[in-house]
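See below for the structure under consideration.
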2 protein chains.
Amino acid sequence: MNIQDVILGILNKKPHSGYEIKQHFEEYFSFFFDASYGTIYPTLSKMEGLKLITKESVRQEGKPDKNVFTITSTGTERFQTYLHGPVEKEVLRSDFFMHLYFGDMTDKETVEKLLRQAMEEKQTMFDDLEQKLKKLDTKLGTYQKMCMELGLAQYAAFIKEIQRVLELDFA
Amino acid sequence: MNIQDVILGILNKKPHSGYEIKQHFEEYFSFFFDASYGTIYPTLSKMEGLKLITKESVRQEGKPDKNVFTITSTGTERFQTYLHGPVEKEVLRSDFFMHLYFGDMTDKETVEKLLRQAMEEKQTMFDDLEQKLKKLDTKLGTYQKMCMELGLAQYAAFIKEIQRVLELDFA
DNA sequence: CTGTGCATGTAACACGTTACATGATTGC
DNA sequence: GCAATCATGTAACGTGTTACATGCACAG
């Protein structure tokens, strides 16, 4: 999976501008992927050069112009190849786990604070995602919802487990 | 969190060689962090230059020589700063979620295969981690175990949720 | 006239991986 | 002699971020 594939997936539904693609990232899959403008715009240029997408300038009322990108048949092909291809191993990079792992080199209060903070953050993420799921209910397909429900399930498990250890070891 | 901090954490317990550090990564926190030799060795050289660690060549019987690194007081200081500093946001990069998200652009069989495969992989990771936890039981501190138990809880939730959707939508 | 949102883009930098290259020692 | 494990290291490459730079349009 690279950003190109992800962009192709989004454009496969309908044309978007770079700015809209970034919004889509934040709105729909912030919890398992993200990319900055610094990646998106150069990637779009590159993909245009590779004839995977085409650019069209669109005038808007009350807003600046935007460059809307449309997927080409080559792009669709490439995306289908991605979809049917192998699934890359999931990568988690967690500073929370690292801090916890080395927790015995600090005091108990620091660890407790770490755990409480992590729990609160996860709770916020849970709430946000749940709210998003409710709000977008009709706009989402089965599999999009499935993604979110899987995310929620993992968040919930994490929160529950933290609560358990907080009660057990920090009573 | 960068690799330097992680290496300092490992060396804070006892001196290690680059090779041993890599093994430690795989053995103890493969599920939330990883790094390759291509990162480890240059980083160790850099850290030696920064006086965070010192190198010592050690002869072994039946094995080639190794460079063992020891943390300095500057290194310990730096690690304490890391430990008490802010916790970076967790980053997940999941190709599985991406494939699932765009699942409606393939056929149901492909998605089912995707889900089953993901479930099996998570089950394997669960089993491995559980086994590791049992095997290392006495060698692990409270917080190390906590990390693993949190990992297990998340894996279990994921597996359970996948099973649910498989029974519900793919009956 | 200023802040906010919309919109695009670049340049410097950090970080990390993969593949390559080397070589010791042991066990078969 | 060869495969496996131990052990170290580099060079090329890819990928992505952050900070910077610019500018339109609207609302208050």
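The values are calculated or read from the model by the stated rules, or taken from the named source; none is laboratory data. The structure presented is a predicted model; accordingly, all values stated were derived computationally and were not measured. Counting neighbours? That spans all protein chains shown, and the Cβs are built from the backbone with ideal geometry, glycine included.
The table below gives the values:
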{"quantity": "Qualifying residue in region A:91-100 (condition: touching a residue at least 60 places away in the same chain (Cβ under 8 Å) and closer than 20 Å to B:H84 by Cβ)", "calculated": "no"}
{"quantity": "Where a residue in region A:1-18 is within 11 Å of chain B (Cβ to nearest Cβ) and its partner, wherever it lies, is within 16 Å of DNA strand C (Cβ to nearest atom) and assigned to a loop (DSSP other than H, G, I, E, B), with Cβ under 6 Å and at least six apart", "calculated": "A:M1/A:E88; A:I3/A:A35"}
{"quantity": "Test: residue in region A:137-146 that is modelled with pLDDT of 95 or more, within 24 Å of B:L100 (Cα to Cα) and among the aliphatic types (A, V, I, L, M)", "calculated": "yes"}
{"quantity": "When residues of region A:66-92 are limited to those that are of a type in the set (K, R) and assigned by TED's automatic domain parsing to the domain that holds A:K13, the one farthest from DNA strand D (Cβ to nearest atom)", "calculated": "A:R78"}
{"quantity": "Residue, surrounded by the most Cβ atoms within 10 Å (Cβ to Cβ), within region A:30-41, restricted to residues that are more than 14 Å from chain B (Cβ to nearest Cβ) and within 7 Å of DNA strand D (Cβ to nearest atom)", "calculated": "A:Y37"}
{"quantity": "Pair list, Cβ under 8 Å, 6 or more apart: region B:126-150 residue more than 7 Å from chain A (Cβ to nearest Cβ), other residue outside any helix (DSSP H, G or I) and surrounded by 18 or more Cβ atoms within 10 Å (Cβ to Cβ)", "calculated": "B:L129/B:F31"}
{"quantity": "Filter result (near DNA strand C (Cβ under 9 Å from one of its atoms), among the hydroxyl-bearing types (S, T, Y) and more than 13 Å from A:Q4 (Cβ to Cβ)) within region A:43-66", "calculated": "A:S57"}
{"quantity": "Region B:42-96, residues that are over 30 Å from A:Q123 (Cβ atoms), in contact with a Pro (Cβ under 9 Å, 6 or more places away or on another chain) and within 14 Å of chain A (Cβ to nearest Cβ)", "calculated": "B:I71"}
{"quantity": "In region B:49-65, the residues that are more than 9 Å from DNA strand D (Cβ to nearest atom) and over 27 Å from the mean Cα position of the chain (by Cα)", "calculated": "B:R59, B:E61"}
{"quantity": "Those residues of region A:19-38 which are over 20 Å from A:E90 (Cβ atoms) and without any contact (Cβ under 8 Å) to a residue 60 or more places away in the chain, in sequence order", "calculated": "A:Y19, A:E20, A:I21, A:K22, A:Q23, A:H24, A:E26, A:S36, A:Y37, A:G38"}
